[in-house]
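Inspection log for the structure reproduced underneath, given as structure tokens.
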Amino acid sequence: MQRITILGATGSIGVSTLDVLARHPDRYSVYALSAHSRVEELAAQCAQFKPARAVVGTAEAAARLQELLRAQGLRTEVEYGEAALCAIAGAAETDTVMAAIVGAAGLAPTLAAARAGKKVLLANKEALVMSGQLFMDAVRDHGATLLPIDSEHNAIFQCLPHGYGRVPAAAGVTKILLTASGGPFLKRDVASLEQVTPDEACKHPKWVMGRKISVDSATMMNKGLEVIEAHWLFGTPAEQIEVVIHPQSVIHSMVSYNDGSVLAELGNPDMRTPIAHALAYPERIASGVAQLDIAQIGTLQFERPDFNRFPCLALAFDALRAGGTAPALLNAANEAAVAAFLDLRIGFRQIDRVIAHVMDTLPHGAADSIAQVMAQDAAARAAAERVIAGLTKP
Ligand code: NAD
Ligand code: MG
């Protein structure tokens, strides 16, 4: 029986994870769940999965959750705050941690899981982007197992030679081909992007996701973060990572080998596939995802990304090449800019301008400690807020 902690249980990935777990009560039990503010949803999950512990963001949310659980006669222990998140991630009573908090808030608990040597199922790409080397060192030094949940990285993992680790030279891998749907604005007139609304940006053609990652998909910053994520997960240099637009999202990514072979993982776009893969690895379990009917899909298309339409993708490649804390700056500026866009404080095309300004003006340095990374994260957020305050929404 694997005992699971889900960080970010009420989010899109958290809900999909619980859906898969519910199909296999003989294999998995839920040790702990966390949510930031959606207390009612968390209470309903506690009623169904009976975790020993539940963590929320604030004392008020904890009091409310406690009340809801007591009313149902549930004995789940309720806690709040970052230290409690780290505690449920590193607890001796859990084997596997699904890291599905969105953004930098997930870094400390995800790192706590790695440091406790857990099996870490990584959805929270921002944590790895911010602290790549430190995070991978923690995984290695503490004997943790890291399995990618991001569909592209899970696909790449499946297309690499069996067994996890940095890809050895003898494996003959020449390139990682990261596929991207292109998001909702792939074909839209570039000039009109100044005016798009948060709801238009969040209407992803293929995937249903949280609002932050949906905006990232519309700017293609999501793919940029995934390039950096692939670099750390697989040890691949920037020159060997290519982004390919593939609007059908049926191929979830590919790996090219020196003999001319290209391996791909295909499936219907549903996150329960990578979640089930990582949960059961190296075995396979049913995920609830319908089998792909390739003949019914008929056509698969590919094209190169247009960096003028998607400047965030170029900014991410620049940050990866710059190294050190540059990816942490990029990530923090992006989180601040996306939040401002979702709050109707800036326009869609101002997201990339805010990030570019922060990257141009803030010096990046060595990322030798989490304290340095967090200091750069805070500096980038403050710098982004100053830029945002000076902008007029179109
Ligand atoms: P979401 O917004 O739907 O859910 C986020 C979860 O994090 C919620 O449970 C929320 O309560 C929690 N949370 C938010 N802010 C928090 C904070 N400050 N402290 C603690 N908890 C907090 O997001 P999502 O779409 O499920 O994405 C989660 C992560 O998975 C992101 O890093 C995203 O990039 C990644 N991811 C998501 C998908 C997808 O299909 N949704 C695919 C690949 C990767
Ligand atoms: Mg992805």
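The values are calculated or read from the model by the stated rules, or taken from the named source; none is laboratory data. None of the values given here were measured: they were computed from a predicted structure. Cβ atoms come from the backbone with ideal geometry, glycine included; neighbour counts cover every protein chain shown.
How do the pairs read when you match residues in segment 292-303 that are under 17 Å from Ser181 (Cβ atoms) with residues anywhere that are of a type in the set (Val, Ile, Thr) and assigned to a loop (DSSP other than H, G, I, E, B), using Cβ under 9 Å and keeping only pairs 6 or more apart or on different chains?
Sorted first by the residue in segment 292-303, then by its partner, the pairs are Leu292/Val250; Ile297/Val250; Leu300/Val250.
Look at Glu283 and say whether it is part of a loop (DSSP other than H, G, I, E, B), out of contact with any strand residue (DSSP E or B) (no Cβ under 6 Å at 6 or more places or on another chain) and among the charged types (D, E, K, R).
yes
Kindly indicate which of Ala61, Ala87 is surrounded by 14 or more Cβ atoms within 10 Å (Cβ to Cβ), in contact with an Asp or Glu (Cβ under 8 Å, 6 or more places away or on another chain), at pLDDT 95 or above and not charged (D, E, K, R).
After ruling out the rest, the residue left standing is Ala87.
Counting only residues that are without any contact (Cβ under 8 Å) to a residue 40 or more places away in the chain and polar (S, T, N, Q), how many does segment 123-177 have?
Looking only at that region, the number is 1.
Among the residues in segment 169-190, are any under 14 Å from the mean Cα position of the chain (by Cα), more than 13 Å from Ile228 (Cα to Cα) and within 16 Å of ligand 2 (Cβ to nearest atom)?
no
If you scan segment 307-327, which residues turn out to be hydrophobic (A, V, I, L, M, F, W, C) and either part of a helix (DSSP H, G or I) or touching a helix residue (DSSP H, G or I) at 6+ places or on another chain (Cβ under 6 Å) (or both)?
Residues satisfying the conditions are Phe307, Cys312, Leu313, Ala314, Leu315, Ala316, Phe317, Ala319, Leu320, Ala322, Ala326.
Let me confirm something: among Leu134, Leu128, Leu122, Leu147, which residue is over 23 Å from Trp207 (Cβ atoms) and either touching a helix residue (DSSP H, G or I) at 6+ places or on another chain (Cβ under 9 Å) or small (Gly, Ala, Ser) (or both)?
Only one candidate qualifies: Leu134.
From Arg140, Arg166, which residue is at pLDDT 95 or above and surrounded by fewer than 24 Cβ atoms within 10 Å (Cβ to Cβ)?
Among Arg140, Arg166, only Arg140 is at pLDDT 95 or above and surrounded by fewer than 24 Cβ atoms within 10 Å (Cβ to Cβ).
Looking at Ala113, Ala92, Ala108 in this structure, which one is part of a loop (DSSP other than H, G, I, E, B) and either out of contact with any His (no Cβ under 7 Å at 6 or more places or on another chain) or closer than 23 Å to Ala379 by Cβ (or both)?
Checking each option against the conditions leaves just Ala92.
So Leu362 ticks every box in (1) buried (at least 18 other Cβ atoms within 10 Å of the Cβ); (2) touching a residue at least 40 places away in the same chain (Cβ under 8 Å) but one. Which box is left unticked?
Tallying (1) buried (at least 18 other Cβ atoms within 10 Å of the Cβ); (2) touching a residue at least 40 places away in the same chain (Cβ under 8 Å), Leu362 fails exactly one: (2).
Just for segment 70-119: of the residues that are polar (S, T, N, Q) and without any contact (Cβ under 8 Å) to a residue 40 or more places away in the chain, which one is nearest to ligand 1 (Cβ to nearest atom)?
Ranking the qualifying residues of segment 70-119, first place goes to Thr76.
Being within 12 Å of the chain's Cα centre (by Cα) and among the polar types (S, T, N, Q) is the filter here; which residues of segment 109-149 pass it?
Thr110, Asn124 - these are the residues of segment 109-149 that are within 12 Å of the chain's Cα centre (by Cα) and among the polar types (S, T, N, Q).
Looking for something over 16 Å from Ala84 (Cβ atoms), in contact (Cβ under 8 Å) with a residue 12 or more places away in the chain and more than 10 Å from ligand 1 (Cβ to nearest atom) - is there at least one such residue anywhere in segment 51-67?
There is no residue in segment 51-67 that is over 16 Å from Ala84 (Cβ atoms), in contact (Cβ under 8 Å) with a residue 12 or more places away in the chain and more than 10 Å from ligand 1 (Cβ to nearest atom).
Any residue that is assigned to a helix (DSSP H, G or I), within 16 Å of ligand 1 (Cβ to nearest atom) and charged (D, E, K, R) - is there at least one of those in segment 130-151?
No, every residue in segment 130-151 fails to be assigned to a helix (DSSP H, G or I), within 16 Å of ligand 1 (Cβ to nearest atom) and charged (D, E, K, R).
What number of residues within segment 23-46 are under 16 Å from Ala100 (Cβ atoms), of a type in the set (A, V, I, L, M) and either assigned to a helix (DSSP H, G or I) or not assigned by TED's automatic domain parsing to the domain that holds Met98 (or both)?
The qualifying residues number 1.
Need pairs with beta-carbon distance below 7 Å; first residue over 17 Å from Lys119 (Cβ atoms) and within segment 25-36, second within 16 Å of ligand 2 (Cβ to nearest atom) and at pLDDT 95 or above; sequence gap 6+ or separate chains.
These pairs meet every condition: Ser34/Gly8.
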